[in-house]
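The structure appears below as structure tokens.
The values are calculated or read from the model by the stated rules, or taken from the named source; none is laboratory data. Note that this is a predicted model, so its numbers are computed, not measured. As a convention, Cβ positions derive from the backbone with ideal geometry for all residues, glycine included, and neighbour counts pool all protein chains shown.
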Amino acid sequence: MRNLFSSSHDAPNTSNRDERLIWSDQLNERNLCYARGTSDRDAAGNFYLLRISDSLKSKLKIKNWAAIVFEHPLSQHTKLSGGHERPENISGYTVVHCKVEGLSQSHYAQSVVGGSRHESAQNSVEIDQTLRNALGIPFWIGSENSNIPIYVYPLRYNNSLKKRLSEFLGQRYLYYRVAKSAVPDIEKNIARIESSYFPLLGMPVGYSIVAERPIKSKLRNGKIAEFTISRQKIKAFAASNEFLKNRSVLQKNDPIRYFPANEHLYNPDYFKSTGRYSGSPPADAAFEPDIPTIFVDHHFRNFDISKGGLNAGMTDLTAVSVTRDTGEIFLKEMTDFGVAFAVSLLPLAQLVYSLTTSASNQGRYFLLILGILLPAFFIGLLVLRIRRQVF
């Protein structure tokens, strides 16, 4: 496979040679597309969006979901800014998943290609800003270029009944960058995220989140043919300001073990060294904010890697989409308000009993219907309350 990058300042990192070469060998030129930012998000729903022509969608055998792979320029450097070596487990390839909107040829030509006759126009796609950040693509590149090279693959997304019910109750997805947990949190099946994101997820501290990431599920002739979704449930607690300050110190003192992803993902020197990207980065481009961080232990980072032997564990560049576990939230609301509701029904139940003994058949039918409607009304209010936490 041809290398997308025409130049590199560093020799190959032989310590990480295997994983980088595996990705390089498995990527298929047939799936190479050129991306820019989305111009319309009406079809996004509650997730992030890829917009693609119907013909390209059919060619790549993509349905409603897709996986996007980005070969980050970081993969071409062994010596990083600051003079330290790139960690062995950092391959430089980032992957996200997203919803797909197929566009008719005329709509596609007008909104995505914009009349361009560039050779990449026929493979042009649009991807959301959050997806570009999760892939490690700086804002200045996404805003000034319409030819960011990415690989787009079909994704098998298990939309089970439980998943549909969760969506009905309301879900908001946030992308997080994976990082190593603090020592006291290891082997306790807990994650830490910044406290300000709990309201956005619509959940209290200490309840479960569901993290998703795309993993390779099928090869064809040695090339990636399909991805699937790996899901993992874990309790989420708040990362205190002291915790975050300590992590910042660890990243400065031991950047190999505690890799400062934000510092390197958006470093304009890596992108300029490829010769692919036009435009000038702003003076503060190296300090572009990244997606938030989720701190997890070794077990979480290596979940599902045994499936088919095609996937490595998560690294400090891995992005996962996170949402609340709506089942737990529903049980919480039932616990908080169900008891109060049941107690409030006791006088009504006593009244119904006394009326039933003396009521006519018609009156008894009315009381029976009332007894059915009241719980239904309560469940409806409960669902509305849960949905309003994110909508």
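Would you be able to say whether some residue in region 172-182 is more than 16 Å from the chain's Cα centre (by Cα) and farther than 23 Å from R132 by Cα? The answer is yes; a qualifying residue exists. Among the residues making up region 26-41, those that are modelled with pLDDT under 90 and either closer than 18 Å to G309 by Cβ or part of a strand (DSSP E or B) (or both) are R36, G37.
Within region 189-202, identify whether any single residue is among the small types (G, A, S) and either under 14 Å from the mean Cα position of the chain (by Cα) or loosely packed, with under 13 Cβ neighbours inside 10 Å (or both), and answer yes or no. Scanning region 189-202, I find at least one residue that is among the small types (G, A, S) and either under 14 Å from the mean Cα position of the chain (by Cα) or loosely packed, with under 13 Cβ neighbours inside 10 Å (or both), so the answer is yes.
K233 meets each of the listed conditions (1) surrounded by fewer than 16 Cβ atoms within 10 Å (Cβ to Cβ); (2) not in a strand (DSSP E or B) apart from (2).
Report yes if some residue within region 289-300 is modelled with pLDDT of 85 or more, in a helix (DSSP H, G or I), polar (S, T, N, Q) and surrounded by 14 or more Cβ atoms within 10 Å (Cβ to Cβ); otherwise report no.
No, there is no match, as no residue in region 289-300 is modelled with pLDDT of 85 or more, in a helix (DSSP H, G or I), polar (S, T, N, Q) and surrounded by 14 or more Cβ atoms within 10 Å (Cβ to Cβ).
Which members of region 53-89 meet the condition of being more than 24 Å from the chain's Cα centre (by Cα), assigned to a strand (DSSP E or B) and more than 21 Å from V178 (Cα to Cα)? Passing the criteria: only K79.
Annotation: of all residues in region 301-349 being more than 29 Å from the chain's Cα centre (by Cα) and among the aromatic types (F, W, Y), the one that is modelled with the highest pLDDT is F337. Taking the listed residues E101, E85, the one that is modelled with pLDDT under 85, in contact with a strand residue (DSSP E or B) (Cβ under 9 Å, 6 or more places away or on another chain) and not polar (S, T, N, Q) is E85, with no other qualifying.
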